[in-house]
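*Asks:* To start, I am sharing the structure in question, which I have written as structure tokens.
Coordinate-derived values only; no laboratory data. Computed from a predicted model, the values in this text were never measured in an experiment. A quick note on method: Cβ atoms are made from the backbone with ideal geometry, for glycine too, and the neighbour counts reach across all protein chains shown.
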Amino acid sequence: MNPLIPRMSIEQKVGQLMVVGFDGTRVNADLRTIITRHFVGGVTLFARNIESPRQLARLTNDLQKLTRETEHRIPLYVAADQEGGWVARLKTGATVLPGNMALGAAGSAELAEEAGRITALELAAVGVNLNFAPVVDVNSNPHNPVIDRRSYGEYPDLVARLGSAYIKGLQRNGVLATAKHFPGHGDTTVDSHTDLPTVRHDVARIRAIELRPFRAAIEAGVGAIMTAHIVYSALDAGRPATLSRTILTEVLREEFGFKGLIITDDMEMKAIDNRYRTGEAAVMAIEAGADMVLSLWSYQNQVNVFNALVSAVKSGRISDDRIDQSVDRILTYKKEFGAFDWEGVTASKAIELVGTEAHRRIAGTIAERAITVIGNQSGILPLNTDVSPLVIGSSPLLFNLLRVRYANSFGAGIPVEPDIEAILPILAHQAETADVVITGITNHRQAELIHQLGAKTEIPIIVAALGSPYSLQRCADVSASLAAYDAHYESVLAAVRVIAGEREAPGKLPIWLSPRA
């Protein structure tokens, strides 16, 4: 056991079990209090806290300096959800890598490990030592509203292989990885941010599909696993996984032999918050086997969690030994990943190491390896450069990149959530003056618009999915379609190069699509 633990008060131990969030880009009064008087073990950063690598380096330095004001000077976990693609907290000035489903389409463990390595180098340069990634949920449900392209795909072996590689890339470069969301959030139609999902599969199916990538992550040495606020009725019909001793202790600890940190998802998500008092839910999570609980939005909720946990320990509801086990794991990984050796990060070093040309080239390589042609029934791809395309999209990036290659192109902007009835006649009229329509869609609503446009014109349509590839199911009757998986520069450029015949499309779809799902 860590020699600090016998010298720590109950309050100091309980604080280490907490990870908090805050508002703003600087340390505020509430954050100072929660760190210096409640001794919290970690802080999570969101986009609301981040302006640039320079600012973030200053902020993480200030956060760690606050711990020097506490008795035992225990450093913080500074965490972020830097998954890549759809979910990336550090964007401006940084390398935003293609997300997991793009890596799934590329199918390369080497590139997945490179993605982990680059992410770790850039996070460490700005003082982040814990990444809430990778998502190792198997996205087997095309109607999943929250995982979708955050997953490597719907094939468990692929998810296991790439997730394990990414974990190695992160942890070999000094950032603790977190496999999430145990025991799996991939086959839900409910977002646990808004309500409590239930998975009703039998145990054999759960072990074969949902749990397989988590076993692989443990074998790869993952340091942390995040819990899901989901009821798995075959494992524990009464409680969500975050609050289930059966799932966290009997399955994850005892059966799987996991020795690392068990971290809850945010306890203020509606799946928990609508059903339990925040403090009581935190106590139940620790009783179930969690080591750290996340309370990321309300300062008052954070105080409630702290007070409830202190009361539970002092009353004997949670034993001293149980708390010591968690604190020992927390301190062990802080030491292993260098938090106790912290000497600060510099703004100049952050600028030097974040968003480098070498890292952006790797992002481009992943994007080019991921591009997937779904359909090219008419053989329209590659598209001759002497045509006049109408380019439809909600971002000018696609148009600007195509204009370089197609001098006669002209554009039609559409809202992110278009009013189909209002805009469809306008687009149909514009399409009649073009040789071809090229569109980049980012959601199902835009896909439906393109489907209806196809019914009103004989002009061929090429669709690039710049978001979820599942959206292509809504417009499966177009002349050609391809998946780019996100709308960041490298991915859009890769799609344009395939359309123009400058590159092949080597990606393989890591999910199954059905027409008009």
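*Asks:* What order, most packed first, do the peptides 440-451, 380-391, 455-466 have when packing is the mean number of other Cβ atoms within 10 Å of each residue?
*Replies:* 440-451, 455-466, 380-391
*Asks:* Can I ask one more? How high is the relative contact order of the stretch 157-234? Use alpha-carbon pairs under 8 Å, at least six apart in sequence, and give a whole percent.
*Replies:* For the stretch 157-234, the relative contact order is 49 percent.
*Asks:* Expected output is a single nm value to one decimal: the length gained when fully extending between R322 and E458, i.e. 0.36 nm times separation in residues minus the C-alpha distance. What is it?
*Replies:* Between R322 and E458, full extension yields an extra 42.1 nm.
*Asks:* First measure r as the distance between the Cβ atoms of S348 and Q377, then evaluate 1/(1 + (r/R0)^6) with R0 = 60 Å and state the FRET efficiency to the nearest 0.05.
*Replies:* For S348 and Q377, the calculated efficiency is 0.65.
*Asks:* Let me ask another. With the crude spin-label approximation of a point 7 Å out along Cα→Cβ, what separation in nm comes out for R275 versus R207?
*Replies:* Each label point is offset 7 Å from its Cα along the Cβ direction, giving 2.5 nm.
*Asks:* Which shape class, rounded, prolate or oblate, goes with the stretch 365-435 when its Cα gyration tensor gives a ≥ b ≥ c as root eigenvalues, a/c under 1.5 marks rounded, and past that a/b bigger than b/c marks prolate?
*Replies:* Cα axes put the stretch 365-435 in the prolate bin.
*Asks:* Using each residue's phi in the stretch 315-326, evaluate 6.51 cos²θ - 1.76 cosθ + 1.60 at θ = phi - 60° and report the 3J(HN,Hα) Karplus result to the nearest Hz, with x for Gly and Pro.
*Replies:* Per residue, the Karplus-derived 3J(HN,Hα) values read 7, x, 4, 10, 6, 4, 5, 5, 5, 4, 4, 5 Hz.
*Asks:* Starting from the Cα of N408, step 7 Å along the direction of its Cβ; do the same at E357; then give the gap between the two resulting points in nm.
*Replies:* Between N408 and E357, the simple spin-label model gives 3.7 nm.
*Asks:* Zone of D341 (label point 7 Å along Cα→Cβ, backbone N under 19 Å): which residues in the stretch 54-89?
*Replies:* Of the residues in the stretch 54-89, 61, 64-65, 74-78 have backbone N under 19 Å from the label point off D341.
*Asks:* Return one number: the angle in degrees, 0 to 90 and rounded to the nearest 10, between the long axis of the Cα atoms of helix 53-67 and the longest principal axis of the Cα atoms of the chain.
*Replies:* 10
*Asks:* In addition: I need to check one value: relative contact order of the stretch 68-196, counting alpha carbon pairs closer than 8 Å and at least 6 residues apart, in percent.
*Replies:* 30
*Asks:* How high is the relative contact order of the chain, given as a whole-number percent (alpha carbon pairs under 8 Å, six or more residues apart)? Please list the in-between numbers first.
*Replies:* Numbers: 1167 pairs, mean separation 81.5, N = 517.
Normalised by residue count, the contact order of the chain is 16 percent.
*Asks:* Karplus couplings for the stretch 148-153 from phi (6.51 cos²θ - 1.76 cosθ + 1.60, θ = phi - 60°), rounded to Hz, Gly and Pro as x?
*Replies:* Coupling constants for the stretch 148-153: 6, 6, 6, 8, 6, x Hz.
*Asks:* Continuing with the same structure: Take the Cβ-Cβ distance between H429 and V387 as r, set R0 to 25 Å, and report the resulting FRET efficiency rounded to the nearest 0.05.
*Replies:* 0.85
*Asks:* How many nm is it between the label spots at K259 and H72, if each spot is 7 Å from the Cα in line with the beta carbon?
*Replies:* Spacing of the two 7 Å Cα→Cβ label points: 2.1 nm.
*Asks:* Hey, another quick one. From the backbone phi of the stretch 211-223, what are the Karplus-calculated ³J(HN,Hα) couplings (6.51 cos²θ - 1.76 cosθ + 1.60, θ = phi - 60°) in whole Hz, Gly and Pro given as x?
*Replies:* 7, 4, x, 6, 4, 5, 4, 5, 4, 7, x, 4, x
*Asks:* Can you work out the FRET efficiency for the pair K65 and D23, with r the C-beta to C-beta distance and R0 = 22 Å, to the nearest 0.05?
*Replies:* Details: r = 20 Å, r/R0 = 0.90.
For K65 and D23, the calculated efficiency is 0.65.
*Asks:* If you don't mind, another one. Using mean Cβ contacts within 10 Å as the protection proxy, how do 14-23, 217-226 order, highest first?
*Replies:* 14-23, 217-226
*Asks:* Next up: What whole-number value in cubic angstrom gives the convex hull volume per residue for the C-alpha atoms of the chain?
*Replies:* Hull volume over Cα atoms, normalised by residue count, gives 137 Å³.
*Asks:* Moving on. In whole Å, what is the distance between the alpha-carbon centres of the stretch 54-121 and the stretch 153-175?
*Replies:* 15
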